[in-house]
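Colleague: Here it is, the structure, as structure tokens.
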Amino acid sequence: LEGQPEIPRQLFWRYRRGDLTWWGARDDRFKLVRKQEGGAVEEWLFDLSADPGETKSIAGDQAAEYARMQRALLLWEKEVMPVR
């Protein structure tokens, strides 16, 4: 595929074991990661073009992008209900 234009797409994933669930959403250079353990929820937004090691969340600095990624993940979650 070298020399071919990239095809834009969104990627989503979910991992669940017991009361621990991880979600991820990737769109272009942004990646949203969400962790829920019991009632506690944590979320991080990364700009992979500037921070490929995912060392600093930019959720507070990029509020509009953070909200857009949250909406996309929640819509995906409604469409892909877990089997267990």
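The values are calculated or read from the model by the stated rules, or taken from the named source; none is laboratory data. These figures come from a predicted structure and were not determined experimentally. All Cβ positions, even for glycine, are placed from backbone atoms using ideal geometry, and neighbour counts span all protein chains on display. We work out accessible area using only protein heavy atoms, side chains counted, and drop any ligands, DNA or RNA first. Shrake-Rupley method; radii C 1.70, N 1.55, O 1.52, S 1.80 Å.
Colleague: What residue, among those in the stretch 20-48 that are in contact with a strand residue (DSSP E or B) (Cβ under 6 Å, 6 or more places away or on another chain) and assigned to a loop (DSSP other than H, G, I, E, B), is least open to solvent (accessible area, probe 1.4 Å)?
Modeller: Top of the filtered list is 48.
Colleague: A further question on this structure: From the set of residues in the stretch 1-17 that are of a type outside the set (D, E, K, R) and out of contact with any strand residue (DSSP E or B) (no Cβ under 9 Å at 6 or more places or on another chain), which is nearest to residue 68 (Cα to Cα)?
Modeller: This residue is 7.
Colleague: Tally time: how many residues in the stretch 68-81 are over 14 Å from residue 44 (Cβ atoms), of a type outside the set (Asp, Glu), assigned to a helix (DSSP H, G or I) and open to solvent by less than 100 Å² (accessible area, probe 1.4 Å)?
Modeller: Residues meeting the conditions: 3.
Colleague: Would you please list the contacts, defined by Cβ atoms under 7 Å and residues six or more apart or on different chains, that run from a residue in the stretch 31-44 that is without any contact (Cβ under 8 Å) to a residue 60 or more places away in the chain to a residue that is of a type in the set (Ser, Thr, Tyr)?
Modeller: 36/21; 44/57
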